[in-house]
Amino acid sequence: MATVTYTFAGISNPSSTHLAKPGAQGDLPPANGALTADAEATSPQYTALATSDESRASAEDMFSHALWEFHWLITVDRATVTRIDISCEGWGFADSADGWRLYIRNNTTPAWELLGQIANDGEVTLAGAITANISDYITAGGLIYVLAEQVGLQQCDVWSTVEVDMTSCQLTYTPASTFVMAQVNG
Ligand SMILES: [Ca+2]
């Protein structure tokens, strides 16, 4: 087994590999696994997302649930992947309710499936793993979709806000054979 971990380190706008999009949706999570049509993160936002350093990329909205949508482009054969680990360090708050939820998209259903949730204010790391039916979560084009969505709404002063300090996607996979053992004295 081998692992490979993807982050937003070194990514800038426009990105041809991993994508991040700040936005908002009325549904928690978006129905039928819908993807957002929001614009891509800026280069400073990518830099904020790259490492755990208390520098956060913020999404906020007055009327809907603020969210970050992440697209991870994998670099190994989908058929060799045995486990997907998603981690996201962030903070979510709003007038009506604090907290946020981490989802991964099942492209077959299709639906956003819950990986983790927190109902409190304050920065936490939410994480979750997929260990079965891996091909449901990686498109034929090699994309994994992740969503971090705030649970509350604005009522008075505080907009729905979700701030992400760092997020990553780790794959566990079986490396393809690169050589054939020679049979000596066979
Ligand atoms: Ca950061």
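Laboratory data are not the source of any read-out in this text; all were calculated from the coordinates shown. Because the structure is predicted, anything quoted here is derived from the model rather than measured. Note that each Cβ is placed from the backbone with ideal geometry, even for glycine, and that neighbours are counted across all protein chains shown.
Just for the range 39-63: of the residues that are within 30 Å of THR172 (Cα to Cα) and among the acidic types (Asp, Glu), which one is surrounded by the most Cβ atoms within 10 Å (Cβ to Cβ)?
The selected residue is GLU40.
Got a number for residues in the range 9-67 being within 12 Å of the ligand (Cβ to nearest atom) and assigned to a loop (DSSP other than H, G, I, E, B)?
7
Quick check: anything in the range 64-76 within 30 Å of THR174 (Cβ to Cβ) and exposed (fewer than 15 other Cβ atoms within 10 Å of the Cβ)? Before you say what the answer is, go through the steps one by one.
Filtering the range 64-76 down to residues within 30 Å of THR174 (Cβ to Cβ) leaves 69-76.
Now restrict to residues that are exposed (fewer than 15 other Cβ atoms within 10 Å of the Cβ): 75.
Yes: the range 64-76 contains one or more residues that are within 30 Å of THR174 (Cβ to Cβ) and exposed (fewer than 15 other Cβ atoms within 10 Å of the Cβ).
Scanning for something touching a strand residue (DSSP E or B) at 6+ places or on another chain (Cβ under 8 Å) and free of Cβ contacts under 8 Å to residues at least 60 places away in the same chain, does the range 155-164 turn up at least one residue? Spell out how you get there, then give the answer.
So the first thing to find is which residues in the range 155-164 are touching a strand residue (DSSP E or B) at 6+ places or on another chain (Cβ under 8 Å), and the list is 158-164.
Next, from what is left, pick out any that are free of Cβ contacts under 8 Å to residues at least 60 places away in the same chain: none.
Looking for residues that are touching a strand residue (DSSP E or B) at 6+ places or on another chain (Cβ under 8 Å) and free of Cβ contacts under 8 Å to residues at least 60 places away in the same chain, one finds none in the range 155-164, hence no.
Out of the residues in the range 153-171 meeting the condition of being assigned to a strand (DSSP E or B) and charged (D, E, K, R), tell me which one is surrounded by the fewest Cβ atoms within 10 Å (Cβ to Cβ).
Our first condition is that a residue be assigned to a strand (DSSP E or B); within the range 153-171, this holds for 160-171.
When the remaining residues are screened for being charged (D, E, K, R), the result is 163, 165.
Values: GLU163: 22, ASP165: 20.
The selected residue is ASP165.
Considering the range 77-92 alone, what residues qualify as being hydroxyl-bearing (Ser, Thr, Tyr) and crowded, with 17+ Cβ neighbours inside 10 Å? So that I can check it myself, show each step before the final result.
Pass one, the range 77-92, residues hydroxyl-bearing (Ser, Thr, Tyr): 80, 82, 87.
Within the range 77-92, just SER87 meets the criteria.
Being under 15 Å from the mean Cα position of the chain (by Cα) and either of a type in the set (D, E, K, R) or not in a strand (DSSP E or B) (or both) is the filter; apply it to the range 130-152 and report the residue that is surrounded by the most Cβ atoms within 10 Å (Cβ to Cβ). First the steps, then the outcome.
Filtering the range 130-152 down to residues under 15 Å from the mean Cα position of the chain (by Cα) leaves 130, 137-139, 142-150.
So of that shortlist, the ones also either of a type in the set (D, E, K, R) or not in a strand (DSSP E or B) (or both) come out as 137-139, 142, 149.
Numbers: TYR137: 22, ILE138: 23, THR139: 16, GLY142: 14, GLU149: 27.
Among those that are under 15 Å from the mean Cα position of the chain (by Cα) and either of a type in the set (D, E, K, R) or not in a strand (DSSP E or B) (or both), it is GLU149.
With respect to LEU115, is the statement that it is in a strand (DSSP E or B) and touching a Cys at 6+ places or on another chain (Cβ under 6 Å) true?
Details: in a strand (DSSP E or B): yes; touching a Cys at 6+ places or on another chain (Cβ under 6 Å): no.
It is false that LEU115 is in a strand (DSSP E or B) and touching a Cys at 6+ places or on another chain (Cβ under 6 Å).
Taking the range 41-89 only, how many residues are among the aliphatic types (A, V, I, L, M) and closer than 17 Å to GLY141 by Cα? I'd like the intermediate steps shown before the answer.
Here is the first cut: in the range 41-89, the ones among the aliphatic types (A, V, I, L, M) are 41, 48-50, 57, 59, 62, 66-67, 73-74, 76, 79, 81, 84, 86.
Add one more test, that the residue is closer than 17 Å to GLY141 by Cα, and what stays is 73-74, 76, 79, 81, 84.
Of the residues in the range 41-89, 6 are among the aliphatic types (A, V, I, L, M) and closer than 17 Å to GLY141 by Cα.
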